[in-house]
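In what follows, a structure is listed as structure tokens, so that the remarks can point back to it.
The values are calculated or read from the model by the stated rules, or taken from the named source; none is laboratory data. This is a predicted model, so every value here is computed, not measured. Ideal geometry is used to build each Cβ from the backbone, glycine not excepted, and the neighbour counts take in all protein chains shown. Keep in mind that these areas ignore ligands, DNA and RNA; they rest on the heavy atoms of the full protein, side chains included. Shrake-Rupley method; radii C 1.70, N 1.55, O 1.52, S 1.80 Å.
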Amino acid sequence: MKTIRWLRVKWPLPLLEVSKKLIANQYNEDVGRGFILASSGKNRIAGKFVERITEKAFIIDPFGNETESYSTTYYVAKFSFDSSSCFLELESPPRSIRKLASELHSMVGLGLELSDIKVDPLKWLQEIEASHTPLLVKNISSSAITVPKNGLAKISVSGKKDIRDEFSKVVGKRKRVIDLVKFSGDFNQCSISAEITKTGFIKYSGHIYDGFIGDIRKCLERSVLEGN
């Protein structure tokens, strides 16, 4: 499955100035870090931040001889941002965004605001359905469900048919946090299976049409705004 993650971002500088700073800090093999941009300008930035990581290791053979070796890996964070949005998009995001966030802060200043998104996946799903077509919900995972006395529970409801009603019957009106929703459906004659999370992730498989990710992002933006 392919993965997209969105973060809320606020730039302290015009996007054109941000582009210039990133271009001035392109990846350099001698330094082992920097940006590789696919597009840049006053309305859009797209590219990736790359850092080379070299680690030393010592291997002792069966005869007691010690050998020094090196291994090299690369941290890669592929990102894009459109001036019409307040979200930074990460494609196949790394497990941690700390390196990317730190590098962006050093390039554009401490005025940069980069933060996680909090959203109810069911509200996000409703926005997707309102913009496209009814979808088949196969799984809803929830946590922080209040149970007597002073307890919290987790639950995951799955099924071959749409399980939203079953989930509502089980949870009722108790407070809860929706962590994950898995669904499938046809988008512009493209069959897609996906899951969306409370932190602004989407994982999907299937053939997608041009503009699919942008449409999903707009639905996310509307659901986050409604939740504020």
Rounded to whole Å and sorted largest first, list the principal axis extents of the Cα atoms in the chain.
-> 62, 58, 41
With springs connecting C-alpha atoms under 10 Å apart, model the chain as a Gaussian network and identify which of P121, P134, P93 has the largest mean-square fluctuation.
-> P134
Under 1.5 on a/c is rounded, so check that first for region 108-209, then, if it is not, pick prolate when a/b is larger than b/c and oblate when it is not; a ≥ b ≥ c are the square roots of the alpha carbon gyration tensor eigenvalues.
-> oblate
Computed label-point distance, nm, for sites S83 and S158 using a 7 Å Cα→Cβ extension | 4.6
May I ask you to give the percent of accessible area on region 35-167 that is carbon plus sulfur, with a probe radius of 1.4 Å?
-> 51
Taking Cα atoms only, helix 98-108 is inclined relative to the longest principal axis of the chain by an angle, in degrees rounded to 10, of 70
Could you give the nm distance between label points at A57 and Y70, where each point is 7 Å from its Cα heading toward the beta carbon?
-> 1.5
Between the DSSP loop rule and a limit of at most 11 other Cβ atoms within 10 Å, which trypsin sites (Lys or Arg not before Pro) in region 68-128 are left?
-> R95
Which residue, F49, F79, F58, tops the fluctuation ranking in a GNM of the chain built on C-alpha contacts under 10 Å?
-> F58
Reachable lysines from K123, criterion Cα separation under 23 angstrom, eight or more residues apart if same chain | K2, K138, K154, K160, K161, K169, K173, K175, K182, K198, K203, K218
Semi-axes (Å, rounded, descending) of the ellipsoid equivalent to region 68-158 per its C-alpha gyration tensor are 34, 22, 17
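Would you work out the relative contact order for the chain, in percent, from Cα pairs under 8 angstrom that are 6 or more residues apart?
20 percent.
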If we count every other residue with Cβ under 12 angstrom of V31's Cβ, Lys/Arg +1 and Asp/Glu -1, where does the sum land?
-> -2
A chain fully extended from T146 to A38 at 0.36 nm per residue, minus the present Cα-Cα distance, gains in nm 34.1 nm
Simple spin-label estimate for V31/K175, 7 Å along Cα→Cβ, in nm, reads 4.8
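Taking the Cα centre of region 1-41 as origin and charging only Cβ (+1 Lys, Arg; -1 Asp, Glu), how large is the dipole, in debye to the nearest 20?
Approximately 340 debye in magnitude.
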